[in-house]
Amino acid sequence: MRRLVVLLLVVLAAAPAAFGILAKGDRLVPFSLKGVDDVTYTVFLENGRLCLIEAKLVNGKPEQTKTYPACVLVDFWATWCVPCRAAMPYMEQLHQKYQPQAGQAEGGLRLFGIALDQKGSRVVKPFYGRCKISYPMLSDPPDQAAGADVVQTTKDMAGRYKVQEIPVVYIIDAAGVITHAHIGFKKEQVPELDEGIAALVGGGAK
């Protein structure tokens, strides 16, 4: 028996680490994070429906907009992650293709980069300024605390979404259900993302 236990421990030690992420059918974990654009993005379910509130200061006064996306894509990444950076141009293409039109309150894709750099926007904002991307990069806690059940730091969000290595990408539908999840980046994943988003937004781009 002792030999069996020792053998089992050796096998477990030699086995590669298995990273488990959330899977299709798992649910949205609501979050509220501040982007490098100084806008706070809060994603949650309102009466069972995916809802996004964007909050910012305009001429020193708080301003909010509420929309109801057809789906949300969250891309966990960091500035030091080479595969993450390789994926960004393709994420930008999806953002440009499926984002809602200006003033559109319902439908479309909202795509968010979730930056896991420990120093937050101090590192991410200069990096973002050098990139040819336009979708929001979320890196810091919100200026005002959200509800107790809402994630408010990128570290906690990575934990709740079971992110142990990056990049990790999730697509979440209008009912708050994860419809796509993957770790890493390969160009072959892009058509699958495109097809999945198209199905959720009704096949269409803007």
Original post:
At 222 nm, what helix-only mean residue ellipticity would the chain give, in deg cm²/dmol to the nearest 500, using -39500 (n - 2.57) for each DSSP H run of four or more?
Top reply: -9000 deg cm²/dmol
Subject >> All-pairs Cα distance distribution in the stretch 34-109, expressed in whole percent, bin size 10 Å >> reply: 16, 41, 34, 9
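Just the number, please: carbon plus sulfur as a percent of the accessible area of the chain, 1.4 Å probe, no ligands or DNA/RNA counted.
Numbers: 6150 of 11220 Å².
Ligands and nucleic acids excluded, carbon and sulfur reach 55 percent.
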Original post:
How much area per residue is accessible in the chain when the probe is 1.4 Å and only protein heavy atoms are counted (Å²)?
Top reply: 54 Å²
Subject >> Cα gyration tensor category, rounded, prolate or oblate, for the stretch 86-132 with a/c compared to 1.5 >> reply: prolate
Subject >> Projected area, mean over directions - the stretch 139-183, Cα convex hull, nm² >> reply: 3.9 nm²
Subject >> Over 26 Å between alpha carbons, listed pairs K97/K186; K34/K61; K97/K162; K162/K186; K119/K162; K119/K187 >> reply: K97/K162; K119/K187
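So which DSSP H runs in the chain come out at 24 Å plus along the axis (Cα) with average Kyte-Doolittle of at least -1.0?
Helices meeting the span and hydropathy rule in the chain are 82-98.
Using the per-residue mean of other Cβ atoms lying within 10 Å as a proxy for protection, in what order, highest first, do the peptides 107-113, 159-165 fall?
Details: 107-113: 23.3, 159-165: 15.9.
For the peptides 107-113, 159-165, the packing ranking is 107-113, 159-165.
Rule-of-thumb check for the stretch 152-206: C-alpha Rg over 2.2 N^0.38 Å?
On the way: Rg = 12.8 Å, N = 55, 2.2 N^0.38 = 10.1 Å.
Compactness ratio reported: 1.27.
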**OP:** Work out how far the C-alpha atoms of the chain reach from end to end along every principal axis, then list the three figures in whole Å, largest first.
**Re:** 71, 38, 37
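The values are calculated or read from the model by the stated rules, or taken from the named source; none is laboratory data. Quick caveat: nothing in here was measured; it's all calculated off a predicted structure. So basically every Cβ, Gly included, is an ideal-geometry build from the backbone, and we count neighbours across all protein chains shown. Accessible surface is based on the protein model in full, side chains and every heavy atom, while ligands, DNA and RNA are left aside. Shrake-Rupley method; radii C 1.70, N 1.55, O 1.52, S 1.80 Å.
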